[in-house]
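Below: the structure, in structure tokens.
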Amino acid sequence: MSMLPRTRPKRPWFPWVRAGLTVAVLGGGAWGLMELGTRYFGLQKLTIEQVNVSGCRGERQAEIQALAEKLVLGKPLFWVDAEELRSRIEAKRWVRNLQIRKDPPDRLSLVVEERRPVLWLVRSNGVFLVSDDGILLDRVNQANLSPIPVVVDPASQTDQGLARLVSAARTLREKQAGFYDRVTEFRWSSKGPVAYIEGLPAPIYLSRQDVTKNVPNFQGLFVDRLSQRPDLARLRYVDLRWDEEVAVGEPEEAPASTKTPR
């Protein structure tokens, strides 16, 4: 008579059940130890009870503070959904970047990097700030009022023209801050970027390839000679696009009078 095999049937689900039970036991033990430590030994739970916001001030800081506290207060410090918090905050137009730091036992620190306005954009529906990476920000108001160049000319407000002016303004601010601070208006023309400064009605033509070209030469020339000229208001242009040379458009001669003397 043949004997029946004594091998047990395979159970492919058994290792998963065993792993699940192990995780549950370890998690329950850890939770129990934390509860004991919190209740009897004065240990603090690793939950978020405080949010610190830096890098911005005023209404913007209050806005981020309120949003962050709504999303994370009372949540586990190391299990909080940081990506959701990041996406919600970086959705603000004025926020360029956000750094999130977890500071045990109960604090979350947020460092906000703001976009910096580089131009005012004057349109029929209002005046807006434009950031140095080309993002249209808030309307200009008393809280964000700052003396930066404006773009008023409608022909300069096309997407391409405005992008080029933003790039020019950003470069001047980084490399020729003294000149940038004096600029009151920017325009884009067929010759490239055009700047206007206080005290000089004539347009200043800047190089399309290198917007800082001859700017230091112009600064010295303006202080030493141009600002002293009695006919300063009649200069036709200042051209900085030439190599090592500042070209000045002299005033046109006044037309001769056609009146017959009495």
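What list of ³J(HN,Hα) couplings, whole Hz, do you get for segment 106-120 from phi and the Karplus terms 6.51, -1.76, 1.60, once you set θ to phi - 60° and write x for glycine and proline?
8, 10, 10, 10, 10, 10, 9, 9, 7, 6, 9, x, 10, 8, 9
How do Lys70, Lys75 rank by accessible surface area computed with a 1.4 Å probe, from largest to smallest?
Lys70, Lys75
Which whole-number percent is the relative contact order of segment 117-175 (Cα, under 8 Å, 6+ apart)?
Computed over segment 117-175, the figure is 35 percent.
Using a 1.4 Å probe, how large is the accessible area of Asp81, given in Å² and rounded to the nearest 10?
90
Sequence-distant or interchain residues sharing an amide H contact under 5 Å with Asn52, placed H: which?
Leu108, Ser109, Leu110
The values are calculated or read from the model by the stated rules, or taken from the named source; none is laboratory data. As the structure is a prediction and not an experimental result, all values here were calculated from the model. For accessibility, only protein heavy atoms count, side chains too; no ligands or nucleic acids. Shrake-Rupley method; radii C 1.70, N 1.55, O 1.52, S 1.80 Å.
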